[in-house]
1. If the requirement is being within 19 Å of residue 274 (Cβ to Cβ) and modelled with pLDDT under 95, which of these qualifies: 205, 241?
2. Does residue 109 satisfy being modelled with pLDDT of 90 or more, assigned to a helix (DSSP H, G or I) and closer than 30 Å to residue 146 by Cα?
3. Tally up the residues in the stretch 66-94 that are part of a helix (DSSP H, G or I) and surrounded by fewer than 11 Cβ atoms within 10 Å (Cβ to Cβ), please.
4. Does residue 64 fit the bill of being within 19 Å of the chain's Cα centre (by Cα) and more than 27 Å from residue 228 (Cα to Cα)?
5. For residue 265, only one of the following conditions fails: (1) assigned to a helix (DSSP H, G or I); (2) modelled with pLDDT of 95 or more; (3) buried (at least 16 other Cβ atoms within 10 Å of the Cβ). What is its number?
6. Anything in the stretch 148-177 that is surrounded by 12 or more Cβ atoms within 10 Å (Cβ to Cβ), over 28 Å from residue 232 (Cβ atoms) and either assigned by TED's automatic domain parsing to the domain that holds residue 223 or over 13 Å from the mean Cα position of the chain (by Cα) (or both)? List them, or say none.
7. Of the numbered conditions (1) touching a residue at least 12 places away in the same chain (Cβ under 8 Å); (2) closer than 19 Å to residue 234 by Cβ; (3) in contact with a helix residue (DSSP H, G or I) (Cβ under 8 Å, 6 or more places away or on another chain), residue 192 fails exactly one; give the number of that condition.
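The values are calculated or read from the model by the stated rules, or taken from the named source; none is laboratory data. This one's a predicted model, so the numbers in the text were calculated from it and none came from an experiment. Neighbour counts are summed over all protein chains in view; Cβ atoms, including those assigned to glycine, are modelled from backbone coordinates with ideal geometry.
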């Protein structure tokens, strides 16, 4: 019992020392963690202060930049108003002009989508578009850079259309044994009228030197519609009347130009031309 009491007393003393040492160690550990926490907190506080200062500087810079932008925009507006005054219009006039340009470009784009044969049938529409472009270019608003670029684009598309359009529409016919122009012209799938033989002759004058002499295997062009530089003579026509036509030359005195261009078909007498002759119109 005495041994046990001593052992218990010694054990209690040892435990007391261990407990006291543990408490001290815990306090020491707590003191180090607090120092680290405070140091880290100080670091965060410094970063926050720096961020706040940077934000204030950014806000000031943004305010200054907005003021500069407003000043520059006011200068641009002033210059733009001066430009519009010089060309004699206002913003509404520019907008209306721009709508016309866009509408014309849409029309030209529609023509570009057509086949050459379809385009040939709409050649008057192409001509009207070209005339409208010329009118738009006369307007002083056309000097604006945006309008110049749009008009140049339309002009380029019209040039593509003119290159795409065939000069005329025609079928082909291969001469067989026993054919002559009168007979060919009278065929139902040709002109169904023998009197139109002159149309075949004049349209193929590069191959037919004598209308009474044609040969098997010759391939003739059978004109279906006149091209922009062609004219099909009608009954009652004469050169001065043809030249006076506004769709031809619009000047009766220019009949001599037509005669000189077609002298090989008309012959020596300019006052005698035959119906259904295809004349080349000098432009």
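1. The match here is 205.
2. The answer is yes for residue 109.
3. Residues meeting the conditions: 19.
4. Taking the combined requirement at face value, the residue does not satisfy it.
5. It fails just one condition, (2).
6. Of everything in the stretch 148-177, just one residue is surrounded by 12 or more Cβ atoms within 10 Å (Cβ to Cβ), over 28 Å from residue 232 (Cβ atoms) and either assigned by TED's automatic domain parsing to the domain that holds residue 223 or over 13 Å from the mean Cα position of the chain (by Cα) (or both), namely 148.
7. (1)
Residues checked against (1) touching a strand residue (DSSP E or B) at 6+ places or on another chain (Cβ under 7 Å); (2) not in a loop (DSSP other than H, G, I, E, B):
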{"position": "118", "(1), (2)": "no, yes"}
{"position": "129", "(1), (2)": "no, yes"}
{"position": "135", "(1), (2)": "no, yes"}
{"position": "160", "(1), (2)": "no, yes"}
{"position": "163", "(1), (2)": "no, yes"}
{"position": "167", "(1), (2)": "no, no"}
{"position": "173", "(1), (2)": "yes, yes"}
{"position": "205", "(1), (2)": "no, no"}
{"position": "231", "(1), (2)": "yes, yes"}
